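Structure record follows, encoded as structure tokens.
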Amino acid sequence: MNAINQMSLSFCSSSGFQQFMAIIEPNYLICKEGAIKRRLKAFKSSVEEQIKKELRNAKSCTSDCWSSISLESYITVTSHFIDDQWCPKSYTLTTHQLEDRHTALNLSNQLETTFSKWEIEQKVMAVVTDNAKNVLNAVNLLTNITEKNDRTCSVHTLQLAINNGLKYDKIEQLIQLSNKIVGHFKHSNVATQCLKTKQEQLGLPTECLIQSCKTRWNSVFMMLDRLYENRCPVSNVFADRTVTTAAMAQKFEVTENQWAAIETIVKLLKPLQIITTVFCGEKYCSISMVRPLLNIVIEKHLQPQINDDEIAQNFKYIVIQELKDRFKLNWNPSSVASARQIASFLDPKYKDLEHDAADAREEIRTRVKSLLDDISEHNDDMQIQTSETKNSFGGLAFLYGDKGNCNTDDSTVQFKNYLAEPLLRFDFDALEWWKTRATKYPLMVVLAVKYLGIPATSVSSERCFSTAGNIVTA
């Protein structure tokens, strides 16, 4: 209970627990804090040993820094990999206090120390972080990291692009007005109760309005979407003079044109909110989806239309430019195939690379072929086929002769056969596909495990803040 439910160490010696146990089991001896600490340390050691065994497949990590409510600085490092059952897994390796300044060198040393402690310093090929310069430079200082190009948190980068689109004057004014309206209901119990009554009268769900927050992704969309859904009950509350004064109603008045503008912004933000949610998923491969989904959003949802108003035109133009620049969607002669592009190629849904330029496709395929050749050269050191499989089917090779030998150890043959595979539907799980093709493409499987195991975001490390915040109190 201490470890899983985050109960305080003094809980076992509290009077409430003693009374409870006196009824449940009168002969129970209450554990003292010292005994609890010793047991927790032993439990921690056993869990660490178990995790170390699983980290043999670790290829990537995420990291982020944060401040507790007592203004102490912490760093979190999370490891990510695909296990033997082709399921994405992650472990929080550390959450410890940072006493030194957040310089690139200090952060790099913290990462190296963590990797060394868990014996994965030679295994990690990519570290996903936010876009802070000091963190990016820290990762670049790590000597064993091979994928240092285009590997920042996709959602953080996406939100930076969206926020720049929302800086347009008319949009900012609507967001400010919406924040004031939501703030009024948050601070007035009378208005909140009246809103619930109006919602019930109109047959709407009795939902509270949502306040936007700069550090919370999609919060502007959620605020405007909820406000627009409740435009009638909100307007009715402001029209009720027993609840809202005339001066207050005038202050929060939303014109028909403004409601129409809010509806436009909600429609523009919805596809961006959807891909934000998809990128944050941890139960499937997300990195391979980043570039394809961004291109789909740009082509199908952000392209200028004849009937676009001023707000839509400005938002679309700014966000499209931001996305292309920040995610390097435009290919140029000096570009290098990134981990996201390689992951897309290794995902049977996107292996045709239709979302990339022709020159980019050729460069990505060349890079993958080169990586396959390297793996083929070191084939003796990799357990690509189990000895049981070889022993069981070794006799069939004699019966069939050369005609039955598919030469699965040949990287060129595997590469060509993979290219000839049919594309999968957009909703099919790439990891399930590879799970059933492991013996057919033993060399390519090694690459798939490496690149498809890289997370698209650093959300895992950020989600740890909530749990850690419950422990590190004021």
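The values are calculated or read from the model by the stated rules, or taken from the named source; none is laboratory data. Treat the numbers as computed from the prediction; the structure is a model and nothing was measured. Note: ideal-geometry Cβ built from the backbone for every residue, glycine included; neighbour counts use all protein chains shown. Ligands, DNA and RNA are excluded from the accessible area calculation, which covers all protein heavy atoms including side chains. Shrake-Rupley method; radii C 1.70, N 1.55, O 1.52, S 1.80 Å.
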Revision key, fill the gap. Per the list (1) hydrophobic (A, V, I, L, M, F, W, C); (2) under 29 Å from Asp130 (Cα atoms); (3) part of a helix (DSSP H, G or I), residue check on Ile36 breaks on (2)
Review point. What do you reckon, is His80 assigned to a strand (DSSP E or B), on the phi < 0 side of the Ramachandran plot and out of contact with any Ser or Thr (no Cβ under 8 Å at 6 or more places or on another chain)?
Key: no
Check your understanding: closer than 25 Å to Thr467 by Cα, assigned to a loop (DSSP other than H, G, I, E, B) and charged (D, E, K, R): does that describe Asp100?
Key -> yes
Practice item. Residues being open to solvent by less than 10 Å² (accessible area, probe 1.4 Å), part of a helix (DSSP H, G or I) and farther than 17 Å from Tyr284 by Cβ: count how many of those fall in region 437-451. Key: 4
Review point. Does Leu29 count as part of a loop (DSSP other than H, G, I, E, B), within 27 Å of Asn106 (Cα to Cα), open to solvent by 60 Å² or more (accessible area, probe 1.4 Å) and free of Cβ contacts under 8 Å to residues at least 60 places away in the same chain?
Key: no
Exercise for review: For region 387-408, indicate whether the set of residues that are under 24 Å from Leu431 (Cβ atoms), modelled with pLDDT of 90 or more and out of contact with any Gly (no Cβ under 8 Å at 6 or more places or on another chain) is non-empty.
Suggested key: no
**Study point:** Residues (among the acidic types (Asp, Glu) and either part of a strand (DSSP E or B) or open to solvent by 20 Å² or more (accessible area, probe 1.4 Å) (or both)) located in region 124-149
**Key:** Asp130
Exercise for review: Could you tell me which residue of region 194-228 is farthest from Leu268 (Cα to Cα), considering only residues that are open to solvent by 50 Å² or more (accessible area, probe 1.4 Å) and of a type in the set (Ser, Thr, Tyr)?
Suggested key: Thr197
Point to revise | Filter result for Asn163 (open to solvent by 10 Å² or more (accessible area, probe 1.4 Å), in a helix (DSSP H, G or I) and free of Cβ contacts under 8 Å to residues at least 60 places away in the same chain) | key: yes
Practice item. Please specify each residue of region 10-26 satisfying the condition of being exposed (fewer than 13 other Cβ atoms within 10 Å of the Cβ) and under 45 Å from the mean Cα position of the chain (by Cα). Key: Ser10, Ser15, Gly16, Gln18, Gln19, Phe20, Ile24
Revision key, fill the gap. Restricted to region 410-436 and to residues being among the hydrophobic types (A, V, I, L, M, F, W, C) and surrounded by fewer than 16 Cβ atoms within 10 Å (Cβ to Cβ), the residue nearest to Ala448 (Cα to Cα) is Leu419
Review point. From the residues in region 315-339 that are open to solvent by less than 10 Å² (accessible area, probe 1.4 Å) and assigned to a helix (DSSP H, G or I), which one is nearest to Ile287 (Cα to Cα)?
Key: Ala339
Check your understanding: Does Glu363 count as surrounded by 12 or more Cβ atoms within 10 Å (Cβ to Cβ), in a helix (DSSP H, G or I), modelled with pLDDT of 95 or more and acidic (Asp, Glu)?
Key -> no
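Here's the yes/no breakdown for (1) over 18 Å from Phe428 (Cβ atoms); (2) open to solvent by 70 Å² or more (accessible area, probe 1.4 Å); (3) among the hydroxyl-bearing types (Ser, Thr, Tyr):
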| position | (1), (2), (3) |
| --- | --- |
| Val278 | no, no, no |
| Gly281 | no, no, no |
| Tyr284 | no, yes, yes |
| Met289 | no, no, no |
| Pro292 | no, no, no |
| Glu299 | yes, yes, no |
| Pro304 | yes, yes, no |
| Asn307 | yes, yes, no |
| Gln313 | yes, yes, no |
Exercise for review: Report yes if some residue within region 109-118 is small (Gly, Ala, Ser), touching a Cys at 6+ places or on another chain (Cβ under 8 Å) and more than 30 Å from Lys270 (Cβ to Cβ); otherwise report no.
Suggested key: no
Point to revise | Test: Ala104 is open to solvent by less than 20 Å² (accessible area, probe 1.4 Å) and modelled with pLDDT of 90 or more | key: no
Check your understanding: Considering only residues of region 43-96 that are without any contact (Cβ under 8 Å) to a residue 12 or more places away in the chain and of a type in the set (A, V, I, L, M, F, W, C), which is surrounded by the fewest Cβ atoms within 10 Å (Cβ to Cβ)?
Key -> Leu71
Exercise for review: Among the residues of region 166-176, write down those that are in contact with a helix residue (DSSP H, G or I) (Cβ under 7 Å, 6 or more places away or on another chain), assigned to a helix (DSSP H, G or I) and either open to solvent by less than 30 Å² (accessible area, probe 1.4 Å) or without any contact (Cβ under 8 Å) to a residue 40 or more places away in the chain (or both).
Suggested key: Ile171, Leu174, Ile175
Check your understanding: If you go through region 110-123, how many residues are in a helix (DSSP H, G or I) and open to solvent by 60 Å² or more (accessible area, probe 1.4 Å)?
Key -> 4
**Study point:** Selected residue (criterion: nearest to the chain's Cα centre (by Cα)) from residues of region 150-160 that are of a type in the set (Ser, Thr, Tyr) and open to solvent by less than 10 Å² (accessible area, probe 1.4 Å)
**Key:** Ser154
Exercise for review: Report, by residue number, each residue of region 229-269 that is free of Cβ contacts under 8 Å to residues at least 40 places away in the same chain and buried (at least 17 other Cβ atoms within 10 Å of the Cβ).
Suggested key: Asn230, Pro233, Asn236, Phe238
